[in-house]
Amino acid sequence: MKIAVLSDIHSNYAALEECLEYALSKGIEYFLFLGDYISDIPYPQRSMLMLYDLSEKYKCWFIRGNREEYMTDYRLNGEKGWINGSCSGSLLYTYNNLTNRDFEFFKNIPNKLSISIPEYPSFNCCHGSMNFTRELLNINSENAKKALECLETDTLICGHTHVQGTFEYMGKRLINPGSVGIPWYYDGKAQFAIIHGTKGEWHEEYIQLDYDRDKILKAYETSGLNELAPMWSVLIKEAIMTGRDSTYKVLARAMEMCREETGEANWPYIPEKYWETAIAEQGISKI
Ligand SMILES: [Fe+2]
């Protein structure tokens, strides 16, 4: 029994293709997806179609991530609050490229699951935590300890942090497969996990794979995302190429500069010039 666990694809269809090909080459027929299928990278429909196609041929479990929640909430709340530009242009682009089938899919998948397979221990899985889609359960953090303390099984499989690894605490275990689409560390190689069921136990194996990143860089040009979210695209491309994510740091600095100069900083109304300066301060070159 082997299950491929994939999280945080973020529309990276080239990375997803590589991971799925690898998993299928190992004879895997069970797939667990932990959410954040879309956003930040061009052509979200390409990843979604790959997932629909896979689910017709193999057993797939799907969980909703915070990015899917953003999309469904934006639709429910009358499409207000996002504009083009580096704060929300990428979200808006993604939203405009989703289909009714995608929205139905996001609506119908659960936020969390408890999976029981005969002869193997049950385990829990979610995107951020079992309580909050956006909670970060970083390895060794107090949040992760609390999450494991109140877990009803011995194993929690979750994503969202984009950092691959295992955390053991009080005889329980948190397994994070990392991110397929915007992975941190390992030089930006696409990450996922395979959990192997042997003798009634689960053992995790972590995978990192190189993939055609130039294909994704070119997609930023052809899709128009470079223009719709200029500095955000620079940051995501930097993360894709290096495995280092500076988005939070740069956004915080851009907002700080905006506040200092204008007296206020209201997301998503942060002028591009502050993003540009914040990116330059970090020494990030524009790809
Ligand atoms: Fe997430």
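The values are calculated or read from the model by the stated rules, or taken from the named source; none is laboratory data. Given the structure is predicted, the values throughout are model-derived calculations rather than measurements. Glycine gets a Cβ as well: all are built from the backbone with ideal geometry, and neighbour counts include every protein chain shown. Side chains included, ligands, DNA and RNA excluded: accessible areas come from the protein's heavy atoms. Shrake-Rupley method; radii C 1.70, N 1.55, O 1.52, S 1.80 Å.
Within the stretch 211-248, being over 12 Å from Gly89 (Cβ atoms), charged (D, E, K, R) and over 18 Å from the mean Cα position of the chain (by Cα) holds for Asp212, Asp214, Lys215, Lys218, Glu221. Residue count for the stretch 164-200 satisfying the condition of being over 18 Å from the mean Cα position of the chain (by Cα), buried (at least 18 other Cβ atoms within 10 Å of the Cβ) and of a type in the set (Phe, Trp, Tyr): 1.
Total residues in the stretch 37-80 satisfying the condition of being away from the ligand (no atom under 12 Å from the Cβ), assigned to a helix (DSSP H, G or I) and within 25 Å of Glu221 (Cα to Cα): the figure is 9. When each of Asn111, Asn100 is tested for being within 16 Å of the ligand (Cβ to nearest atom) and surrounded by fewer than 20 Cβ atoms within 10 Å (Cβ to Cβ), the lone residue that passes is Asn111. Evaluating Leu20 against the criteria (1) open to solvent by 10 Å² or more (accessible area, probe 1.4 Å); (2) over 19 Å from Lys112 (Cβ atoms); (3) under 12 Å from the mean Cα position of the chain (by Cα) leaves one unmet condition, (3).
Consider Tyr70 carefully, then state whether it is open to solvent by 40 Å² or more (accessible area, probe 1.4 Å) and closer than 29 Å to Val234 by Cβ. Write out each step before concluding.
Details: open to solvent by 40 Å² or more (accessible area, probe 1.4 Å): yes; closer than 29 Å to Val234 by Cβ: yes.
It is true that Tyr70 is open to solvent by 40 Å² or more (accessible area, probe 1.4 Å) and closer than 29 Å to Val234 by Cβ.
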